[in-house]
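**Q** Sharing a structure with you now.
Each value in this text was obtained by applying a stated rule to the coordinates, not by laboratory testing. In this text the structure is predicted, and so the values were computed from the model without any measurement. Virtual Cβ from ideal backbone geometry, glycine too; neighbours counted across all protein chains shown.
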Amino acid sequence: MSWQSEHIWIELITGSRKISNFCWAFILFLSSLGFLFVGTSSYLGSNWISFFPQGIVMSFYGISGLFISSYLWCTISWNVGSGYDRFDRREGIVCIFRWGFPGKNRRIFLRFLLKDIQSIRIEVKEGIYARRVLYMDIRGQGSIPLTLTDDNLIPREIEQKAAELAYFLRVPLEVFC
């Protein structure tokens, strides 16, 4: 989602509050409860589910799944990775803001001058795990990713987004395959 005027471009970043993350956290939570139930019933000698005799191993899988599920629920509730990219041609400043994990560095805020931007770069890796990422190359700072690696944008969408941003910032566009 983005908003654009003549001098300002704001791109909102979703973060970890995606439907797929909710689904995986919910599925993992329910399945780990099932593993824990089977392991506990087998350990106690109950005949609820008699075809699984490995009580300790099943309980271990259930507890491990609950830990991983709680990690996913925490990242969803903290909305890790969300934020915005703000490009202001009038002031000549680029602001990149992201939410991180709780602690001293929870707020990640980067500011750059527009004149320090060398280019907008698209990096494409095709294959089984195809990946298309949009980067902003900053003089003396390296590359900063502007899209998430799991966005899975189709080639036309990322090319259009990169071309519009490069035109707005008046910098060259590079493509690496």
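**Q** Over all distinct Cα pairs, what is the inverse of the mean 1/r for region 48-113, reported as the Kirkwood hydrodynamic radius in Å?
**A** Numbers: mean 1/r = 0.0646 Å⁻¹.
About 15.5 Å, per the Kirkwood formula over Cα pairs.
**Q** I need the Debye-formula profile for region 19-78: one equal scatterer per C-alpha, no solvent, reported as log10 I(q)/I(0) at q = 0.15, 0.31 1/Å, two decimals.
**A** -0.46, -1.12
**Q** Report the charge-dipole magnitude of region 33-162 in Debye, nearest 20, computed about the Cα centre from +1 at each Lys and Arg Cβ and -1 at each Asp and Glu Cβ.
**A** Details: 16 positive and 11 negative charges, 103 e Å.
So the dipole magnitude of region 33-162 works out to roughly 500 debye.
**Q** List every DSSP H helix in the chain whose Cα atoms extend 18 Å or more along the helix's own long axis and whose mean Kyte-Doolittle hydropathy is at least 1.0.
**A** Answer set is 19-44, 55-78.
**Q** Also, quick follow-up: Would you kindly give the portion of the calculated P(r) for the chain that falls above 21 Å, as a percent of all Cα pairs?
**A** Percentage above 21 Å: 61.
**Q** Sequence gap of 8 or more, or different chains, plus Cα separation below 30 Å: how many lysine pairs satisfy both in the chain? Present the calculation step by step, with values, prior to reporting the outcome.
**A** Working: LYS18/LYS104; LYS18/LYS125; LYS18/LYS161; LYS115/LYS125; LYS115/LYS161; LYS125/LYS161.
Eligible lysine pairs with Cα atoms under 30 Å apart amount to 6.
**Q** Relative contact order for the chain: what percent, with Cα pairs under 8 Å and sequence separation of 6 or more? Don't skip to the end; give the middle numbers.
**A** Details: 297 pairs, mean separation 30.2, N = 177.
Relative contact order of the chain: 17 percent.
**Q** What is the ratio of the Cα radius of gyration of region 135-177 to 2.2 N^0.38 Å, with N the residue count, to two decimals?
**A** Values: Rg = 10.9 Å, N = 43, 2.2 N^0.38 = 9.2 Å.
Compactness ratio reported: 1.18.
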